[in-house]
1. I'm trying to understand the selection: among the residues of segment 265-310, which are in contact (Cβ under 8 Å) with a residue 24 or more places away in the chain, more than 18 Å from the chain's Cα centre (by Cα) and on the phi > 0 side of the Ramachandran plot?
2. Would you please name the residue that is surrounded by the most Cβ atoms within 10 Å (Cβ to Cβ), looking only at residues in segment 238-274 that are assigned to a helix (DSSP H, G or I) and polar (S, T, N, Q)?
3. Mind listing whichever residues of segment 276-295 are of a type in the set (A, V, I, L, M, F, W, C) and open to solvent by less than 60 Å² (accessible area, probe 1.4 Å)?
4. When the residues of segment 85-105 are narrowed to those that are crowded, with 21+ Cβ neighbours inside 10 Å and over 13 Å from the mean Cα position of the chain (by Cα), which ends up farthest from Leu313 (Cα to Cα)?
5. Checking the structure you have, find out if any residue of segment 110-123 is open to solvent by 10 Å² or more (accessible area, probe 1.4 Å), in contact (Cβ under 8 Å) with a residue 12 or more places away in the chain and under 13 Å from Ala288 (Cβ atoms).
6. Would you mind stating whether Asn99 is in contact with a His (Cβ under 7 Å, 6 or more places away or on another chain) and at pLDDT 90 or above?
7. Can you go through Ser142, Ser134 and tell me which one is open to solvent by less than 50 Å² (accessible area, probe 1.4 Å), among the hydroxyl-bearing types (Ser, Thr, Tyr) and at pLDDT below 95?
8. Condition first: under 20 Å from Gly102 (Cβ atoms) and either touching an Asp or Glu at 6+ places or on another chain (Cβ under 6 Å) or surrounded by fewer than 17 Cβ atoms within 10 Å (Cβ to Cβ) (or both). Now tell me which residues in segment 296-327 satisfy that.
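The values are calculated or read from the model by the stated rules, or taken from the named source; none is laboratory data. Just so you know, these numbers come straight off a predicted model, no measurement behind them. Heads up, the Cβs are rebuilt from the backbone with ideal geometry, glycines too, and the neighbour counts pull from every protein chain shown. Side chains included, ligands, DNA and RNA excluded: accessible areas come from the protein's heavy atoms. Shrake-Rupley method; radii C 1.70, N 1.55, O 1.52, S 1.80 Å.
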Amino acid sequence: MCNRSDRCWTSPPNLADDGSALDVTIPSFLMNKLDAFKLKQTLQGEGRRHLNSQPVQMDLTWSLGNANGNDGRVQYDLWTSPTDLFGNQFIETFRPIANAFGSQATNFHPHMVLINGTRINCNAKDMGCYICDSIGCKSQCSNGGRYCASKPNDPTQTGISGVDVVRESLRRQCIWKIHGEEEDSDNVHVWWDYVHDFLSRCFTSELFSDEDCIKKSMDRVGVDASRVNQCMKDSGDLKMDSPNTMLEFELAAQRDNGVVQFPTLQINGNVLRTKLTPSNVFHAICDAYDIGSKYKPGICQQCSSCFGDKAVLKCVEDGVCTGPAFN
């Protein structure tokens, strides 16, 4: 609640989803208090008498809009974790589409979901060896208990610790920073290609943290391993009992965007409330462009009549929708 305009929110709040929001019926919408107050004034008192009991008509319009101001590209953010099985499956299947979109038409940003160790007292020094032994902080957290990840539940990954997951998360963020954000060339594919190669060759309990396997994956897809390692070190490393700037950014982004589960995909700042499949995400991204946008890629038009993962992936590869529209 607010009583003065300068104390009111100017944009809708981020609403966290515990996984049960799919049963919310539509149309449902929020209004900020100032707009709602004007509506109430119209429906009540003097405003109502001036209307002579005529019904009040309102127009409701919505879209994913353009969250990048004058940029024109669609932004989509993926929240996942190196051991997120559903997220990894989506990355593997969506990779050809992501590479086809490229960075000229879209602004993609990956995020790694972490556990805030400070909030669960994993770095509470006054409690002795940060209460580690009771809840596993030592093996699950880095930087003196600040950044944590759960051990995988998959029995085939029993040798992977939370610290291993945090380290791979930081590595992927550095790969994106170097080859996705800092370079002017269209290298959006490098991050997707690295994750694909890592999952194909290193995603086992024995090789998940094997530096030789990881370096070979980076080399095969054109990742500058020396720059990535330096990035990991410069951000604050993982062994120091001090903050890591990149992981701090991820925790803040996770909190500010209300992300409570993964994988989660946002398009222009809006959470996509549907199953993450190549077909669903492809059409959601294409629908998010402004009408007449020069940035909308040709594959959006070419594949607009294709639905189903196989049909969309085939269309993106061939540039034309052929065969059954649904499969």
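1. Gly308
2. The qualifying residue surrounded by the most Cβ atoms within 10 Å (Cβ to Cβ) is Gln254.
3. Leu276, Val281, Phe282, Ala284, Ile285, Cys286, Ala288
4. Ala105
5. no
6. yes
7. Every option except Ser142 fails the conditions.
8. Answer for segment 296-327, where residues must be under 20 Å from Gly102 (Cβ atoms) and either touching an Asp or Glu at 6+ places or on another chain (Cβ under 6 Å) or surrounded by fewer than 17 Cβ atoms within 10 Å (Cβ to Cβ) (or both): Gly298, Gln301, Gln302, Ser304, Glu317, Asp318, Gly319, Val320.
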